[in-house]
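The values are calculated or read from the model by the stated rules, or taken from the named source; none is laboratory data. This structure is a prediction, so every number in the text was calculated from the model and none was measured. Reconstructed Cβ throughout: ideal geometry from the backbone, glycine too, with neighbour counts over all protein chains shown. These accessible areas exclude ligands, DNA and RNA; they are computed on the full protein's heavy atoms, side chains included. Shrake-Rupley method; radii C 1.70, N 1.55, O 1.52, S 1.80 Å.
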Amino acid sequence: MSETPSASPAQIALETGERLLIRRASELGLSIGSKPNYAGRTFAGGSDTPSARLEPSDLPNHVRGLQIGRYAVLLTLLPEAPNEEGMSDLVRRVRNQCVVARSYLSAPSALDLHAILLGPRGSEGIDRWRALALIAERDERVARKLVWLRPLDANADEDSFADFVKRSFLARPWITDEIFSMAPLDNVNRATAFGDVPRDTAGEWIRLASGSDIDPDRLVEQLVASWQRRSAR
């Protein structure tokens with residue numbers, strides 16, 4: 001009777017990251033789905049010809065595709081050794097994988113594509129790894145990239161991941177048990193006097209925040225969208 005081969009460290013790392021992502025998304029009530037095409041070699045609509053696919057040497061060795069709410073997500077691994085050459089090559093491969101994933105997305109959805117890169121076990125708190133993680137995160141070509149440097153102790157994964165998601169699309173800083181006093185909406189108008197907020201933008205903010213039955217998540221998206229539109233006016 002043959003034994004089932006044990007999972008490789010890379011598979012275990014991806015499974016851990018995927019499990020924690022799914023748990024956090026579930027807590028937020030977001031839909032979750034596996035998207036193998038995002039992590040494949042072939043472009044959407046392409047046939048099995050060399051021009052329609054990328055070579056394995058141009059893509060990450062280990063990658064998974066997910067759809068979390070409106071966010072398309074690629075989950076992959078950083079190199080095992082903390083050197084700049086290896087990181088640069090990995091970022092190149094991730095960009096290529098993002099191009100494949102984008103071919104399956106509409107233009108608006110492509111803007112929400114994220115690549116999450118998992119660091120080796122014990123990379124958390126290591127200065128060299130932090131510096132290399134910044135190299136990856138500062139490369140925003142094709143898609144946003146985020147790095148989770150994993151702790152040495154696997155028992156600390158959940159706390160470490162919780163800190164990581166605070167700077168990701170899964171953060172919800174407005175969901176809190178803290179009690180805040182109500183600030184007058186007129187304070188927004190004061191910002192217009194100093195030129196910090198355009199008058200029409202301030203007016204739109206007040207209108208949005210004064211509505212009934214406000215959905216906090218939707219309100220945040222509307223406020224951000226209003227702020228982005230200011231530059232086009």
Inset, instruction - Name the long-range amide H neighbours of Tyr104: under 5 Å, sequence gap of 5 or more, or other chain; modelled H, no Pro or chain starts. - result: Ala44
Inset, instruction - Would you work out if segment 19-157 is rounded, prolate or oblate? Take a ≥ b ≥ c from the square roots of the eigenvalues of the alpha-carbon gyration tensor; rounded if a/c is under 1.5, else prolate when a/b is larger than b/c, oblate otherwise. - result: oblate
Legend entry - Chain lengthening between Thr176 and Ala131 when straightened (0.36 nm per residue, less Cα-Cα): 13.0 nm
Inset, instruction - Note down the nm distance, to one decimal, between modelled labels 7 Å out along Cα→Cβ at Ala209 and at Arg138. - result: 3.5 nm
Legend entry - Convex hull of segment 1-74 built on C-alpha atoms - directionally averaged projected area, nm²: 7.4 nm²
Inset, instruction - Per residue of segment 47-56, in order, report the coupling 6.51 cos²θ - 1.76 cosθ + 1.60 (Karplus, θ = phi - 60°) as ³J(HN,Hα) in whole Hz, putting x for Gly and Pro. - result: 8, 7, 10, x, 6, 9, 8, 9, 7, x
Legend entry - Extreme residue, positive dipole direction of segment 1-105, given options Val100, Ile32, Asn61 (C-beta unit charges): Ile32
Inset, instruction - Please work out how much length the chain gains when fully extended from Leu223 to His62, using 0.36 nm per residue of separation minus the C-alpha to C-alpha distance, in nm with one decimal. - result: 54.2 nm
Legend entry - segment 145-154 - phi-based ³J(HN,Hα) in whole Hz, Karplus 6.51/-1.76/1.60, Gly and Pro as x: 10, 10, 10, 9, 8, 7, x, 5, 8, 4
Inset, instruction - Could you calculate the contour length gain from Ala81 to Ala156, that is, 0.36 nm times the residue separation minus the distance between their Cα atoms, to one decimal place in nm? - result: 24.8 nm
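How much of the accessible area of segment 69-184, probe 1.4 Å, is carbon plus sulfur, in whole percent?
Of the solvent-accessible surface of segment 69-184, carbon and sulfur hold 53 percent.
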Inset, instruction - Quick one: which residues, 5 or more positions from Val197 or on another chain, have an amide H under 5 Å from its amide H? H modelled 1.01 Å from N in the peptide plane, none for Pro or chain starts. - result: Thr192
Inset, instruction - Please calculate how many Å² of accessible area the chain carries per residue, with a 1.4 Å probe and no DNA, RNA or ligand atoms counted. - result: 59 Å²
Legend entry - Residue-by-residue Karplus 3J(HN,Hα) for segment 222-227, coefficients 6.51, -1.76, 1.60, Hz, glycine and proline x: 5, 5, 5, 4, 5, 5
Legend entry - Amide proton proximity set for Leu170, modelled H, under 5 Å, gap of 5+: none
Inset, instruction - Please express the Cα-Cα pair-distance distribution P(r) of the chain as a list of whole percents, one per 10 Å bin, running from 0 to the bin with the greatest distance. - result: 7, 26, 29, 22, 13, 3, 1, 0
Legend entry - Relative contact order, percent, the chain [alpha-carbon distance under 8 Å, six or more residues apart]: 14 percent
